[in-house]
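Have a look at the structure that comes next, please.
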Amino acid sequence: MTSRAAVLRRGLPIWTVAALWTLALGLWGLSRQHSVWRDEAATWLVAVRPAGEIRHLLTHVDAVHGLYYLLMHGLFGWFGPSITTLRLPSVLATAVAAACVAVIGRRLAGPWAALGGGMVFGLLPAVQFHLQEGRPYALVAAGAGISTLLLVNLLQGRGRGTYWVAYGGTVLVCALLNWLSLLILPAHLVTLIRTRAGRGTWVRWAAASAAAVAGALPLILFSRSQSGQVAWIPPLTWHMLIGPAVLLTIGGLGALLDRPGEGRSLGERPREGRLSVAAVGLPLLAVPQLGLIGLSLVKPLFLDRYVLFSMLGLALLIGAGLETAVRAASLRIPGAARWLGPALIAVSVVALLPQALATRSPGSRVDDVLAMTADVRRLKGPGTAVLFVPAERRDTKLVSPDAFTGLRDIALTRSPQESGTLKGVEADPARIQNAMLAQRRILLVTDSPNVARPPAGRRDRVKAAVLKKYFTVVADEQVRGRRVTLYERLGAARPSPGSAR
């Protein structure tokens, strides 16, 4: 019977196995028990707006995600707003990225590098988190995979001039989805250096890269005026470097085991200047991680999702290690490839299964915007007002407006749509206090104590002070990071304005 390794070597499209495997991972538990967390809620509440209102919003906030919001607006308009529509683009994009890993691994190392790298990519913890996420980071990873595959084709002499146009266009689209994805360019630069690319290749790469950067530059400059949106990111600390250090260590071990393509005996080191998985995967893993660390020393920006695409490099290097292990075993044990490759992949799946289960639970995210809508429906009653602390928690109302029907949002003066913002514009503290003191019942939507922060703004401090002094709690529910509390007035007499400030 023909061995599985032999079947792989005959050229079956291994990338389809990697893509279908990743697609299955993404569809598994896609709704996360019908939960949507706050970042995804931002996508949802922007995508359902008319295109004109989205453009208005982008002049104030989130310009960096403008292209993604417009894409999701089109999908919501075509298929309707739903959790499936929200997350399926990320699932499909991750499957494309896994397919790119498989194709590159097959070209540069062999069939087991293709199968192992392609299947492992979707299992990596960071990838699993964003595999089912209504945000643009998986789409960026897909674009990074495509641009890297195009570069490999060009370095192998397989591509035509149009490939450089496609390369620059892909890098530009990724930059418009998240301009930090431009960190892939210095990664590819290192690959060109390691492979001793010719002068013509350098000129064409520089032209394509310059065109992509020039196309993204207006967005980069404009988004700097909205830098307050990332002011919450903490400064870089030593413990934040543990994760990148572990990834780089694993990637380095994979690079040491790399065996580039056919035609070289086991144990022979890669010749300098030769295209290999190490020459492509190690820079793709290391340079974006180190580049983001460097940028974070100037301005705090260190979030692993900004360089999710660097996991492509890690998957390539893991696949190369698998290829080397299978080939080494085959030299000592005839037929080992028939069982060793599948066994190692199966061990990886079992080892990462707990992570997969945890990622698909509602508790894997900071909070769940939809979790307490049932409590809102149960607790609201005639004459009840609603408050949100902080104002960003109004996302629950915006994503599920039916649950808040009949509740008066007494702090809001301009809606998010009218003001071109995500949370709307609230009244000044004095007006909020007077509006609260005129109510008999107030429903407060806020964070659970385990994730809540002290009231940061004067408006929120006034809300808390008035509720504490003039109201009493009659019901309190906490679900998946969110809290709904029903308050009733202590007495009928109205205190003088300003007494709770």
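The values are calculated or read from the model by the stated rules, or taken from the named source; none is laboratory data. Note that this is a predicted model, so its numbers are computed, not measured. Note that each Cβ is placed from the backbone with ideal geometry, even for glycine, and that neighbours are counted across all protein chains shown. Side chains included, ligands, DNA and RNA excluded: accessible areas come from the protein's heavy atoms. Shrake-Rupley method; radii C 1.70, N 1.55, O 1.52, S 1.80 Å.
Which count do you get for residues in the stretch 180-200 that are assigned to a helix (DSSP H, G or I) and surrounded by fewer than 16 Cβ atoms within 10 Å (Cβ to Cβ)? Working first, answer last.
Here is the first cut: in the stretch 180-200, the residues assigned to a helix (DSSP H, G or I) are 180-194, 199-200.
Going one step further and asking which of them are surrounded by fewer than 16 Cβ atoms within 10 Å (Cβ to Cβ), we end up with 186, 193, 199-200.
Of the residues in the stretch 180-200, 4 are assigned to a helix (DSSP H, G or I) and surrounded by fewer than 16 Cβ atoms within 10 Å (Cβ to Cβ).
Further question on the same structure: Name, by its number, the condition in (1) open to solvent by less than 20 Å² (accessible area, probe 1.4 Å); (2) under 26 Å from Ala231 (Cα atoms) that does not hold for Thr485.
(2)
So, one more: Is it the case that Pro362 is in contact with an Asp or Glu (Cβ under 7 Å, 6 or more places away or on another chain), farther than 23 Å from Val462 by Cβ and either small (Gly, Ala, Ser) or open to solvent by less than 40 Å² (accessible area, probe 1.4 Å) (or both)? Step through it out loud before you land on a result.
Working: in contact with an Asp or Glu (Cβ under 7 Å, 6 or more places away or on another chain): yes; farther than 23 Å from Val462 by Cβ: yes; either small (Gly, Ala, Ser) or open to solvent by less than 40 Å² (accessible area, probe 1.4 Å) (or both): yes.
The answer is yes for Pro362.
Mind checking which residues of the stretch 372-408 are among the acidic types (Asp, Glu) and closer than 10 Å to Val445 by Cβ? Break it down stepwise before answering.
So in the stretch 372-408, the residues among the acidic types (Asp, Glu) come out as 375, 392, 395, 402.
If the condition is that a residue be among the acidic types (Asp, Glu) and closer than 10 Å to Val445 by Cβ, then Asp375, Asp395 are the ones that fit.
Give me the pairs: first residue in the stretch 188-212 and more than 22 Å from Leu172 (Cβ to Cβ), second residue open to solvent by less than 50 Å² (accessible area, probe 1.4 Å) and of a type outside the set (Lys, Arg), beta-carbon distance under 7 Å, and six or more apart or on different chains, which are they?
Hits for this filter: Arg194/Ala279; Thr195/Leu155; Thr195/Gly273; Thr195/Leu275; Thr195/Ala279; Arg196/Gly273.
Something else: Has the stretch 437-450 got at least one residue that is under 30 Å from the mean Cα position of the chain (by Cα) and open to solvent by 50 Å² or more (accessible area, probe 1.4 Å)?
Yes; the residues of the stretch 437-450 include at least one that is under 30 Å from the mean Cα position of the chain (by Cα) and open to solvent by 50 Å² or more (accessible area, probe 1.4 Å).
Return yes when Ala465 is more than 30 Å from Ala51 (Cα to Cα) and at pLDDT below 90 and no when it is not.
Working: more than 30 Å from Ala51 (Cα to Cα): yes; at pLDDT below 90: no.
Here the answer is no, as Ala465 does not meet what is asked.
Something else: Name the strands (runs of 3 or more DSSP E) wholly within the stretch 365-472 that hold at least 2 residues that are of a type in the set (Val, Ile, Thr)? Give the steps one after another, and end with the answer.
Details: elements: 384-389, 412-414, 441-447.
So the answer is 384-389, 441-447.
Conditions tested, residue by residue: (1) open to solvent by less than 10 Å² (accessible area, probe 1.4 Å); (2) of a type in the set (A, V, I, L, M).
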site: Thr85; (1), (2): no, no
site: Leu92; (1), (2): no, yes
site: Val103; (1), (2): no, yes
site: Leu108; (1), (2): yes, yes
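Further, regarding this structure: Taking only the stretch 377-395 into account, find how many residues are surrounded by fewer than 19 Cβ atoms within 10 Å (Cβ to Cβ), in contact (Cβ under 8 Å) with a residue 24 or more places away in the chain and under 35 Å from the mean Cα position of the chain (by Cα).
3
Next question, about the same structure. Restricting attention to the stretch 35-55, does a residue exist that is open to solvent by 30 Å² or more (accessible area, probe 1.4 Å), in contact with a Ser or Thr (Cβ under 8 Å, 6 or more places away or on another chain), more than 30 Å from Gly321 (Cβ to Cβ) and of a type outside the set (A, V, I, L, M)?
No, there is no match, as no residue in the stretch 35-55 is open to solvent by 30 Å² or more (accessible area, probe 1.4 Å), in contact with a Ser or Thr (Cβ under 8 Å, 6 or more places away or on another chain), more than 30 Å from Gly321 (Cβ to Cβ) and of a type outside the set (A, V, I, L, M).
So which residues in the stretch 230-250 are loosely packed, with under 15 Cβ neighbours inside 10 Å, touching a residue at least 24 places away in the same chain (Cβ under 8 Å) and part of a loop (DSSP other than H, G, I, E, B), if there are any at all?
Of everything in the stretch 230-250, those that are loosely packed, with under 15 Cβ neighbours inside 10 Å, touching a residue at least 24 places away in the same chain (Cβ under 8 Å) and part of a loop (DSSP other than H, G, I, E, B) turn out to be Ile233, Pro234, Pro235.
Across the stretch 294-318, what is the number of residues that are more than 18 Å from the chain's Cα centre (by Cα) and under 21 Å from His130 (Cα atoms)?
Looking only at that region, the number is 3.
Among helices (runs of 4 or more DSSP H) lying entirely in the stretch 32-124, which contain 2 or more residues that are closer than 23 Å to Ala358 by Cβ and without any contact (Cβ under 8 Å) to a residue 60 or more places away in the chain?
Ranges flagged: 83-108.
Does Ala212 satisfy the condition of being closer than 22 Å to His65 by Cα, modelled with pLDDT of 95 or more and out of contact with any Lys or Arg (no Cβ under 9 Å at 6 or more places or on another chain)?
yes
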